[in-house]
């Protein structure tokens with residue numbers, strides 16, 4: 001009987017936790033969708049121990065619907081929702097792709113603000129401090145990880161502003177990219 005009570009309490013706790021992460025993500029989606037455009041400056045940090053890579057770069061992103069402009073130190077990516085242009089400043093070259101040819105597994109900056117709405121499980125891991133801000137830590141897991149280049153996204157949501165403060169993307173090949 002004692003085991004049954006513990007099991008029921010555990011299931012209730014998990015249910016409350018799932019509802020809480022869903023509520024946080026719903027609020028975050030609602031806020032992101034209320035803006036006609038989103039602009040942000042960020043730092044990305046890629047660590048790939050297999051390739052001995054450790055790259056940090058600053059960038060800016062501006063999104064409007066499915067369109068975006070992503071500016072990094074050496075690259076500028078223009079995407080109108082149908083076509084993507086990647087301009088490499090160092091080589092003065094531009095590569096053009098159709099968005100549909102890039103595949104669904106590509107993480108686009110405009111989808112990052114609502115990625116959890118489709119084909120993801122999520123859990124609230126708790127609260128933590130990121131750069132002096134109290135944040136919710138939410139872990140996202142793709143329902144079909146074999147179809148994605150990543151297995152986990154850890155999102156830190158500023159509790160006061162209900163905005164993304166930090167994102168960690170853990171790749172299937174051992175690479176980790178952090179966006180702040």
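Every number in this text was worked out from the coordinates using simple rules, so none of it is lab data. Here the structure is a predicted model, which means the values were calculated and not measured. With ideal geometry, Cβ positions are generated from the backbone for all residues, glycine too; neighbour counts draw on all protein chains shown.
Once you've got the GNM for the chain with C-alpha springs shorter than 10 Å, pick whichever of 168, 55, 38 has the biggest mean-square fluctuation.
Per the Cα network of the chain with a 10 Å cutoff, 55 tops the list.
Cut-off 10 angstrom, C-alpha nodes, Gaussian network model of the chain. Which of 132, 65, 103 fluctuates the most?
132
Which residues does a label at residue 123 reach in segment 153-180, if reach means a backbone N under 13 Å from a point 7 Å past the Cα toward the Cβ?
Only 153 pass the distance filter.
In nm, to one decimal, how far is the residue 99 label point from the residue 162 one, both placed 7 Å along Cα→Cβ?
Rounded to a tenth, the inter-label distance reads 2.6 nm.
Please work out the Cα convex hull volume for segment 115-180 and give it in Å³ per residue.
Hull volume over Cα atoms, normalised by residue count, gives 81 Å³.
Once you keep just the Cα pairs under 8 angstrom separated by 6 or more residues, what percentage relative contact order results for the chain?
It rounds to 17 percent for the chain.
Sort 66-77, 90-101 for me by packing, meaning the mean count of neighbouring Cβ atoms within 10 Å per residue, highest on top.
The most tightly packed comes first, giving 66-77, 90-101.
Between 0 and 90 degrees, rounded to the nearest ten: what's the tilt of helix 2-34 against the longest Cα principal axis of the chain?
Value to nearest ten degrees: 30.
Do the sum for the chain: with -39,500 (n - 2.57) for every DSSP H run of n ≥ 4, divided by all residues, what is the mean residue ellipticity at 222 nm, to the nearest 500 deg cm²/dmol?
So the helix-based figure for the chain works out to -7500 deg cm²/dmol.
Show log10 I(q)/I(0) for the chain at q = 0.11, 0.17, 0.19 Å⁻¹, two decimals, from a solvent-free Debye sum over equal Cα scatterers.
-0.55, -1.25, -1.51
7 Å from Cα along Cα→Cβ at both residue 53 and residue 170: what's the point-to-point distance in nm?
1.9 nm
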